[in-house]
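What follows is a short report on a single structure.
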Amino acid sequence: MSSQNAGTIIKLFHGFFHKKPSRSSLLLPVAPSKMQINVSGLMGMISQTEDDELDCGQTYELLDQYAEIMERGEDPQILLPKVYRHLNRCKDCHEELTALLAAIQSDHEKNRN
Amino acid sequence: MTERDNATWLQDLRSPGKCRTTALADLRKILLRGLTGALKNWVRQDTREFLSLCEDFIQEALLIILKHLDDFQGLSRFTTWAHKISVRVALSELRRARWKDYSLTATDEPGQSSSVHEPGSPDREQERVEGQMMLDWMKKVMREELTTRQQRALKAAAFDGISADALSKKLGTTRNALYKLLHDARLKLKKRMLKEGFMKVQEESDPDSERKPPFEVSNKGESRE
């Protein structure tokens, strides 16, 4: 066997046994209740639909400011009401706010230690 | 690690050479500290692949940050703005991975794959029946009022709980365009609800009335109100 073929086989061998796990295999399972929507909640959300709402892009632009408002203990419902209402409607944006707040807190805690 | 204010971050990241390299290294550490906290409820952290995954996300986030330095307006801390970008990168990717096997089908009726669930209330027969009636009404109205694309999107988002990120990819559109599609759908359904007397006019005019959001809300990181 040539050294080139041997090298290829060794790479394949290592690749087989040291495959990077797929990202989906690292995901924590989500409890089914977190993924289902309640119908009355949906109808409530529909009833509160406004003609003029912020979309996800506009909300994202303001999310860092929103997070710092919460960090300071101020009321974002008063200071950024349209963002507040979008976050009550949009699960993805709400998740990102939650994760952002956790990131800020984690950064502060580890920086202190 | 050097403490920097917003102006110093921008200056250092725009400078050539060692100044920029050091600033990037510091920012990488800060983002890593943040992501390990942000992804606690998303990814198993007890594997050696977790750090590698975070590094991948941070690398992508740093590229976006450097490309969009001029967009930073200084209305928050620079590090908060940077954390926002790295969280968006990470969650977008994880959502796509979570929902990669979800299939959009035009023939599924909304609610077919979801059960009626009223969080926080006991599993009583009357509530279940009422919930089913509401669901049946919703299905009927969606068929009558919405386009096929709107029905499909609303069913996926509202009944199957798929994330907007993942759904927009599957529909071949952007998250903003999807939001507008669903917004238009909600406006149509609201008009129908008004017409059929499901809503009173004073409910309509009070968007800040305290209502539960239609999805489960985590208490982590919520405002201290």
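The values are calculated or read from the model by the stated rules, or taken from the named source; none is laboratory data. Computed from a prediction, not measured in an experiment: that's the story for all the values here. FYI the Cβ positions are ideal-geometry reconstructions off the backbone, even for glycines, and counts take in every protein chain you see.
If I ask for residues that are crowded, with 18+ Cβ neighbours inside 10 Å and either assigned to a helix (DSSP H, G or I) or outside the structural domain of B:S92 (by TED's automatic domain parsing) (or both), which ones from segment B:29-48 would you list?
Taking segment B:29-48 as the starting set, the residues that turn out to be crowded, with 18+ Cβ neighbours inside 10 Å are B:30-39, B:42-43.
B:I30, B:L31, B:L32, B:R33, B:G34, B:L35, B:T36, B:G37, B:A38, listed by residue number.
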### Message
Suppose we filter A:E61, A:E68, A:E95, A:E50 for residues that are modelled with pLDDT of 85 or more and more than 7 Å from chain B (Cβ to nearest Cβ); which single one remains?
### Response
A:E61
## Note on the structure
Of (1) of a type in the set (A, V, I, L, M); (2) more than 7 Å from every other protein chain (Cβ to nearest Cβ); (3) over 18 Å from the mean Cα position of the chain (by Cα); (4) surrounded by 14 or more Cβ atoms within 10 Å (Cβ to Cβ), B:L53 fails just (2)
### Query
Does A:L79 satisfy being over 21 Å from the mean Cα position of the chain (by Cα), at the interface with chain B (Cβ under 7 Å from one of its Cβ atoms) and either buried (at least 18 other Cβ atoms within 10 Å of the Cβ) or hydrophobic (A, V, I, L, M, F, W, C) (or both)?
no
### Message
It is to be established whether one or more residues within segment B:101-117 are touching a Lys or Arg at 6+ places or on another chain (Cβ under 9 Å) and modelled with pLDDT of 80 or more.
### Response
yes
